[in-house]
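This report concerns only the one structure given below.
The values are calculated or read from the model by the stated rules, or taken from the named source; none is laboratory data. None of the values given here were measured: they were computed from a predicted structure. Cβ sites come from the backbone with ideal geometry, for glycine too, and all protein chains shown count toward neighbours.
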Amino acid sequence: MEITEVKRLEAKALKIRKMTIDAIGYLGVGHIGGALSVVEILTLLYEKHMDVSPTDPRKTVRDKLVMSKGHAGPALYSVLANKGFFPEEWLHTLNAGGTRLPSHCDMNRTPGVDMSTGSLGQGISAAIGIALANRLDGIDKKVYLIIGDGESNEGQIWEGAMAAAHFKLNHLIAFTDYNKMQIDGYVHEIMNVEDLNAKWNAFGWFVQRVNGHDFEDMNMAVERAKKEPYRPSMIILDTIKGKGAFFAERNLANHNMNVSYETAQEACKLLDHPTNRIK
Amino acid sequence: MNQLEMRAVYAQTLIELAEKDDRIVLLEADLMKASGTPVFMNRFPERTFNVGVAEANMIGVAAGLSAGGKIPFADTFGCFASRRAYDQFFISANYARLNVKLTGTDPGISAAYNGGTHMPFEDMGIMRNIPELVVFEPGDPVSLKALVIRCALHQGCTYMRLHRKQAEKIYTDNESFELGKGKVLKDGNDVTLIAVGVIAVAEALKAGKILARNGISAAVIDMHTVKPLDTELVLEYAKKTGAILTCENHQIINGLGSAVAETLSENYPVVMKRAGIYDEFGEVGTQEYLQKRFGMTAKNYVVNVEKLLKKKK
């Protein structure tokens, strides 16, 4: 990837991170930790890889993304708004009564959301179904899937892991947002998911592990996954929960936390300062 | 031929649907042989997905296929379709407003030798709680075929209870059916038996004949769709006969009896009684034994009607 392209994506991610912090801050509470850890991967996919159309969000032939960790909706909404699926002003309606942007992703409310999620573990099965439907219809498009590390405690993830490999769904490219924290504490203390590489490998997936905040690393992994001829792909992203928001980053309480609008705005300002830029 | 194997009719109907509509796909969770659907797989191998013993994943994959424009039918034993994979069906299929056709086989005591672990007495009830879901249980092979076709045409999720064994035909082949519209099998003036499913409908019809011999004019209704309930028909017969017995191969809590009671108590209360399983777990036995054990017999329905009629006076 050209250095200019990396810079473009970094600038985009900075904007989306700020939009996400702003939206949650405006509401005063939200799933900020797990939203901020997926900003870079969402930016990379929607800005560089996915064939989607903001003017025709439901076109039949398109790439799709299933946000299985549905509580990361606010990050996805920022990406979609930025891309023009709906006005950026909508972000300030997050979780308001009658909103089109609920805390958890809803395909019937939000233009550009491809699957309703929120009950953890279920997105992998839906992504498999979408990939199978594409295969039946000869649609040569990718299905991207983002699951959480805590979510990987769910049995359904491993039912899906078995099935996707069995059905040889090489068009399914999944990511684990490995931010090492779940609601009640560190993943390794609450319910250890390691060895993730070995597990997905053993289930028959093509496994890669990269820094989930580094565009060059992630892009190479996605390019390799796209070329995989038989196996579904799992790209494990080492990420930081709450990345970039000073009040949330690495804070064990950041899964769903209160934040005042002033604090959120302060966090956004800090991100603008060149010495605080996310590397 | 008056008896047909219900699962064979189910599979054959799916094949006929799939021949006309390439969006029809079938999902299984290692109970294909029990559901009688290997014939579908042989005809449409590329449209059959067996996910192994993983019901939650099966329903999630069905939801994904629906999101991809397909019309997925998924079947497994009713206990697994409902209890085990309820959240997947609730969220990934129904909440997402997709189009998943779920079939739970072996309703109630028809699970016979598989016993209490495999006897869904509550599936209709928990499914009835899902908003917008259509819940139905065909009472014979003719209505099964017609209602499966209706269900494929319906835009939205459905849950069908399928008695997969032999069942007597109670309709002629050209009879037409609609989801949400009950069928009056026998008219009457003194009492109405509202039944659902193969066993209860057959026993209710027998009870109707016994009652006729005893000088009681009983109407018998096949209420194949429990949700949405045909409230118009329920109220019509409440007004006409003034007494109602509901008959079902299901818990009396939250099944057909509850649905009818809700309608009556809010609109036109008449004396009524729910015949079904009285808050008990299942157990093993022959179907004959279990019918007697749980009161799913014409004789028990007659006893209940006689008690009801005393209250009516």
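Pick from B:Ala56, B:Ala63: which is closer than 28 Å to A:Gly121 by Cα, touching an Asp or Glu at 6+ places or on another chain (Cβ under 7 Å) and buried (at least 24 other Cβ atoms within 10 Å of the Cβ)? Even if it seems obvious, please write down each step before you answer.
On the way: B:Ala63 fails: touching an Asp or Glu at 6+ places or on another chain (Cβ under 7 Å).
Just one listed residue meets the conditions, B:Ala56.
Which residue, of B:Ala298, B:Ala212, B:Ala261, B:Ala219, is in contact with a strand residue (DSSP E or B) (Cβ under 6 Å, 6 or more places away or on another chain) and modelled with pLDDT of 95 or more?
B:Ala219 is the lone residue from the list that is in contact with a strand residue (DSSP E or B) (Cβ under 6 Å, 6 or more places away or on another chain) and modelled with pLDDT of 95 or more.
Against the definition (of a type in the set (A, V, I, L, M, F, W, C), facing chain A (nearest Cβ under 8 Å) and part of a helix (DSSP H, G or I)), how does B:Ala63 come out, yes or no?
yes
Given the options A:Asp56, A:Asp149, A:Asp51, name the one that is buried (at least 22 other Cβ atoms within 10 Å of the Cβ), more than 14 Å from every other protein chain (Cβ to nearest Cβ) and of a type in the set (D, E, K, R).
Numbers: A:Asp56 fails: buried (at least 22 other Cβ atoms within 10 Å of the Cβ); A:Asp51 fails: buried (at least 22 other Cβ atoms within 10 Å of the Cβ).
After ruling out the rest, the residue left standing is A:Asp149.
Checking the conditions here, which among A:Ile139, A:Ile128 is within 24 Å of B:Arg97 (Cβ to Cβ), in contact with a strand residue (DSSP E or B) (Cβ under 9 Å, 6 or more places away or on another chain) and at the interface with chain B (Cβ under 10 Å from one of its Cβ atoms)? So that I can check it myself, show each step before the final result.
Values: A:Ile139 fails: in contact with a strand residue (DSSP E or B) (Cβ under 9 Å, 6 or more places away or on another chain).
Exactly one of A:Ile139, A:Ile128 is within 24 Å of B:Arg97 (Cβ to Cβ), in contact with a strand residue (DSSP E or B) (Cβ under 9 Å, 6 or more places away or on another chain) and at the interface with chain B (Cβ under 10 Å from one of its Cβ atoms), namely A:Ile128.
Search segment A:5-25 for residues that are under 19 Å from A:Leu45 (Cβ atoms) and pair each with any residue that is β-branched (Val, Ile, Thr) and not in a helix (DSSP H, G or I) when their beta-carbon atoms are under 8 Å apart and the residues are at least 6 apart or on different chains.
A:Glu10/A:Ile278; A:Ala13/A:Ile278; A:Leu14/A:Ile278; A:Arg17/A:Ile278
Picking from A:Asn197, A:Asn170, A:Asn179, A:Asn192, which residue would you name as being of a type in the set (S, T, N, Q) and within 23 Å of A:Val52 (Cβ to Cβ)?
The match here is A:Asn170.
Is one or more of the residues making up segment A:73-80 closer than 24 Å to A:Ser233 by Cβ and within 10 Å of chain B (Cβ to nearest Cβ)? Explain how you work it out, then say what you get.
Of segment A:73-80, the ones closer than 24 Å to A:Ser233 by Cβ are A:73, A:75-76, A:79-80.
Okay, now just the ones that are also within 10 Å of chain B (Cβ to nearest Cβ), so none.
The answer is no, given that none of the residues of segment A:73-80 is closer than 24 Å to A:Ser233 by Cβ and within 10 Å of chain B (Cβ to nearest Cβ).
Residue by residue through segment A:159-171, note down the ones that are more than 9 Å from chain B (Cβ to nearest Cβ) and within 22 Å of the chain's Cα centre (by Cα).
As a first pass, look at segment A:159-171 and keep what is more than 9 Å from chain B (Cβ to nearest Cβ): A:161, A:164-165, A:168-171.
Passing the criteria: A:Ala161, A:Ala164, A:Ala165, A:Leu169, A:Asn170, A:His171.
Output the residues belonging to segment B:27-52 that are of a type in the set (A, V, I, L, M, F, W, C) and either assigned to a helix (DSSP H, G or I) or more than 9 Å from every other protein chain (Cβ to nearest Cβ) (or both).
Step one: of segment B:27-52, the residues of a type in the set (A, V, I, L, M, F, W, C) are B:27, B:29, B:31-32, B:34, B:39-41, B:44, B:49, B:51.
Within segment B:27-52, B:Ala29, B:Leu31, B:Met32, B:Ala34, B:Val39, B:Phe40, B:Met41, B:Phe44 qualify.
Tell me which helices (runs of 4 or more DSSP H) are completely within segment A:51-169 and hold 1 or more residues being hydroxyl-bearing (Ser, Thr, Tyr), or say none if there are none.
Working: elements: A:73-83, A:123-137, A:155-166.
Answer list for segment A:51-169: A:73-83, A:123-137.
Would you check if B:Asp75 is of a type in the set (Asp, Glu), closer than 30 Å to B:Asp279 by Cα and in a strand (DSSP E or B)?
yes
Return the pair list, or none, for Cβ contacts closer than 8 Å from residues in segment A:133-160 that are free of Cβ contacts under 8 Å to residues at least 12 places away in the same chain to residues that are part of a helix (DSSP H, G or I) and surrounded by fewer than 24 Cβ atoms within 10 Å (Cβ to Cβ), at least 6 apart or on different chains.
Final answer for the pair search is A:Leu136/B:Glu46; A:Leu136/B:Arg47.
Check whether at least one residue in segment B:6-24 is at the interface with chain A (Cβ under 8 Å from one of its Cβ atoms), in a strand (DSSP E or B) and under 27 Å from A:Ile139 (Cβ atoms), and report yes or no.
Scanning segment B:6-24 turns up no residue that is at the interface with chain A (Cβ under 8 Å from one of its Cβ atoms), in a strand (DSSP E or B) and under 27 Å from A:Ile139 (Cβ atoms).
This table checks each residue for (1) at the interface with chain A (Cβ under 10 Å from one of its Cβ atoms); (2) among the polar types (S, T, N, Q); (3) under 29 Å from B:Glu288 (Cβ atoms).
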{"site": "B:Asn57", "(1), (2), (3)": "yes, yes, no"}
{"site": "B:Gly78", "(1), (2), (3)": "no, no, yes"}
{"site": "B:Asp87", "(1), (2), (3)": "yes, no, no"}
{"site": "B:Ala93", "(1), (2), (3)": "yes, no, no"}
{"site": "B:Leu102", "(1), (2), (3)": "no, no, no"}
{"site": "B:Asn114", "(1), (2), (3)": "no, yes, yes"}
{"site": "B:Val134", "(1), (2), (3)": "no, no, no"}
{"site": "B:Pro141", "(1), (2), (3)": "no, no, yes"}
